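Undergrad: Quick one: this structure, given as structure tokens, is what I'll be asking you about.
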Amino acid sequence: MTNLGVTEAQVHAQVLASQSLRLSLMRDYGLETRTYDASLTAESTETRVVRKFEDATMTSAGALQVQIGDSAAVNSGVWEIDAVILRVREEEVR
């Protein structure tokens, strides 16, 4: 069995003013959890955004779980996600 690592994460989604998404990466069923946020606010007149979850990394994962949701408890709209993309690499053998 080979461990995995996440080197980058991004979201493609509909613009939603003043709203951010939170990505949680969970390694080995909760042994480690890391969270990252990305804004869905437009920079100009675009209707969809491509946003990187800055510094989103995870290493040495035998199992990897991904959760995405609101970054705050405020429900200011319904988000529409086109894609969540994770760049994954093979790491050491367990």
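The values are calculated or read from the model by the stated rules, or taken from the named source; none is laboratory data. Computed from a prediction, not measured in an experiment: that's the story for all the values here. Here the Cβ positions follow ideal geometry from the backbone for every residue, glycine too, while neighbour counts run over all protein chains shown.
Undergrad: Looking at Glu8, Glu43, Glu32, which one is free of Cβ contacts under 8 Å to residues at least 12 places away in the same chain and either over 12 Å from Ile81 (Cβ atoms) or among the hydroxyl-bearing types (Ser, Thr, Tyr) (or both)?
TA: When all the criteria are applied, what remains is Glu43.
Undergrad: Next question, about the same structure. Restricting the search to segment 1-38, which residues are modelled with pLDDT under 95, farther than 18 Å from Gln65 by Cβ and in a strand (DSSP E or B)?
TA: Of everything in segment 1-38, just one residue is modelled with pLDDT under 95, farther than 18 Å from Gln65 by Cβ and in a strand (DSSP E or B), namely Ser20.
Undergrad: Would you confirm whether or not segment 51-72 contains a residue that is part of a loop (DSSP other than H, G, I, E, B), touching a strand residue (DSSP E or B) at 6+ places or on another chain (Cβ under 9 Å), at pLDDT below 95 and not charged (D, E, K, R)?
TA: yes
Undergrad: Could you tell me which residue of segment 42-78 is nearest to Ser24 (Cα to Cα), considering only residues that are β-branched (Val, Ile, Thr), surrounded by 13 or more Cβ atoms within 10 Å (Cβ to Cβ) and more than 11 Å from the chain's Cα centre (by Cα)?
TA: Here the answer is Thr59.
Undergrad: For segment 15-29, how many residues meet the condition of being surrounded by 15 or more Cβ atoms within 10 Å (Cβ to Cβ), touching a residue at least 40 places away in the same chain (Cβ under 8 Å) and over 10 Å from the mean Cα position of the chain (by Cα)?
TA: 4
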